[in-house]
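These notes concern the structure reproduced below.
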Amino acid sequence: MSETITYSDRYTPDSRDQLLTKISRQLKPARFEHVQRVEATAIKLAKQYGVNVEKASIAGLIHDYAKQRPDKDFIDAIHRYKLDPDLVNWNNAIWHGVVGAELIKTELGIFDEEIIDAVRFHTTGNRYMTKLAQIIYMADYIEPARDFDGVEKARLLTSQNLALAVAYQTKHTLMYLLTNNQRIYPKTIDTYNAWVPQSGLEN
Ligand code: DGI
Ligand code: FE
Ligand code: FE
């Protein structure tokens with residue numbers, strides 16, 4: 001199932017094989033498999049929606065690069081890169097995208113702003129998301145091993161209307177968090193306000 005796409009040197013200094021090796025050292029096998037499924041899903045969506053396929057491949061593979069880092073690495077990075085100090089009050093779920101994006105620049109030498117933003121916003125979404133960021137957000141949610149109530153609806157919407165699919169995921173993730181009495185990261189609310197009320201999404 002792995003895609004054989006050849007990278008130019010525009011977005012990453014590594015070949016796809018070299019990038020895979022670096023990612024595999026960071027992730028447990030199940031998580032490594034997940035990022036490859038997200039890559040394959042993102043590539044398909046990139047072809048459908050006219051987005052750069054190489055960027056979709058790279059962003060899909062690296063989106064969870066930092067997911068298995070110890071909390072200390074994130075706290076250090078929040079200080080080192082002078083990120084929003086409030087981030088220290090959150091946790092891995094929020095850090096692995098927002099702070100992970102900075103670790104990716106330093107450790108993988110990937111600086112393309114659109115790729116980095118796609119990683120940064122893959123968990124919480126963002127008021128502004130390029131098509132690439134929307135694709136990574138959705139690919140992470142609907143990759144073939146995902147199995148939850150509503151995933152088939154999410155897959156259908158993603159194939160029909162990317163913005164409506166973003167609205168669907170944003171609303172359902174927020175409802176899930178509320179149902180479970182979870183803290184809501186402010187950016188998650190921003191994403192909801194930007195994408196859901198005017199979207200035409202049905203109830
Ligand atoms: O990294 P993945 O498991 O592939 O997927 P993800 O990065 O989309 O989600 C990581 C988790 O983050 C997921 O369980 C939902 C959670 N999450 C998303 N928005 C918020 C959040 N958790 C809290 N507490 N607050 C949020 O606003
Ligand atoms: Fe993630
Ligand atoms: Fe993921």
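The values are calculated or read from the model by the stated rules, or taken from the named source; none is laboratory data. Since the model is a prediction, treat every value here as computed from it, not as a measurement. Counting neighbours? That spans all protein chains shown, and the Cβs are built from the backbone with ideal geometry, glycine included. For the accessible areas, the whole protein counts, side chains as well, though only heavy atoms, and no ligand, DNA or RNA atoms are used. Shrake-Rupley method; radii C 1.70, N 1.55, O 1.52, S 1.80 Å.
Of the helices (runs of 4 or more DSSP H) lying entirely inside the stretch 80-129, the ones with 1 or more residues being over 21 Å from LEU27 (Cα atoms) are found at 113-120. What residue, of LEU178, LEU174, is free of Cβ contacts under 8 Å to residues at least 24 places away in the same chain, open to solvent by less than 60 Å² (accessible area, probe 1.4 Å), farther than 30 Å from LYS22 by Cβ and away from ligand 3 (no atom under 16 Å from the Cβ)? It is LEU174. So for the stretch 178-188 (the condition being farther than 30 Å from ASP84 by Cα and either among the hydroxyl-bearing types (Ser, Thr, Tyr) or touching a Ser or Thr at 6+ places or on another chain (Cβ under 6 Å) (or both)), does at least one residue qualify? Checked the stretch 178-188: no residue is farther than 30 Å from ASP84 by Cα and either among the hydroxyl-bearing types (Ser, Thr, Tyr) or touching a Ser or Thr at 6+ places or on another chain (Cβ under 6 Å) (or both). Looking only at the stretch 108-127, which residues are in contact (Cβ under 8 Å) with a residue 12 or more places away in the chain and more than 15 Å from ligand 1 (Cβ to nearest atom)? Passing the criteria: LEU108, GLY109, ILE110, ASP112, GLU114, ILE115, ILE116.
Within the stretch 2-59, the set of residues being more than 16 Å from ligand 2 (Cβ to nearest atom), of a type in the set (Asp, Glu) and either more than 22 Å from ARG146 (Cβ to Cβ) or surrounded by 17 or more Cβ atoms within 10 Å (Cβ to Cβ) (or both) comprises ASP9, ASP14, ASP17, GLU54.
Taking (1) assigned to a loop (DSSP other than H, G, I, E, B); (2) within 14 Å of ligand 3 (Cβ to nearest atom); (3) in contact (Cβ under 8 Å) with a residue 24 or more places away in the chain in turn, VAL51 satisfies each apart from (2).
Pick from the stretch 163-203 the residues that are among the basic types (Lys, Arg) and either over 20 Å from ASN92 (Cβ atoms) or not in a helix (DSSP H, G or I) (or both): which of them is nearest to ligand 2 (Cβ to nearest atom)?
ARG183
Close contacts from the stretch 155-169, counting a first residue that is under 17 Å from THR191 (Cβ atoms) and a second that is aromatic (Phe, Trp, Tyr), with Cβ to Cβ under 7 Å and a gap of 6+ residues or different chains, come to LEU157/TYR168; LEU162/TYR49; VAL166/TYR137; VAL166/TRP195; ALA167/TRP195; GLN169/TYR137; GLN169/TYR141.
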